[in-house]
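Working notes, structure below.
Here, each number is a calculation from the coordinates, and none is a lab measurement. Quantities reported herein were computed from a predicted structural model and do not represent experimental measurements.
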Amino acid sequence: MPKITVLPHEELCPQGASFEAEPGANLAKTLLAHGIKIPHACEFNCACATCHVIVREGYDSLSEPSDNELDHLDTAWGACAESRLSCQAKLGDADIVIEIPKYNRNVVGERE
């Protein structure tokens, strides 16, 4: 099973985190299941860019991004070549290291 390492994020994961997940699992849902409250304003429908993450290691092990995902990534704050929408990324077999950007497009934030 791949290991997901989340780099420290001031609000969402101050200490960072590390856990294992099933190959093929949705990255955003896996983060939420492990207590990391990744923003997801469109409820995993690839209609916004609030769940943007930067894959610092293991990018190539994730599923290929769709054209729709790439279009939405163009609107994400701080997007780069290693960016993904976590709601669209499916885990592969390799370990990954992700960074959750400090800012996102979500002005309001989700309710719990």
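Any idea how far the Cα center of the stretch 1-60 sits from the one of the stretch 61-96, in Å?
11 Å
Multiply the residue gap between LYS29 and ALA47 by 0.36 nm, knock off their C-alpha separation, and tell me the result in nm, one decimal place.
Answer, rounded to one decimal: 4.9 nm.
Once the Cα atoms of the stretch 3-99 are picked out, what are the Rg and Dmax in Å?
12.0, 34
Explain nothing, just compute: Karplus ³J(HN,Hα) = 6.51 cos²θ - 1.76 cosθ + 1.60, θ = phi - 60°, for every residue of the stretch 92-102 in order, whole Hz, x for Gly and Pro.
x, 8, 8, 5, 10, 10, 10, 10, 9, x, 5
With each run of n ≥ 4 DSSP H residues scored as -39500 (n - 2.57), what mean residue ellipticity at 222 nm is computed for the chain after dividing by its residue count and rounding to the nearest 500 deg cm²/dmol?
Taking each H run of at least 4 residues, the total per residue is -3000 deg cm²/dmol.
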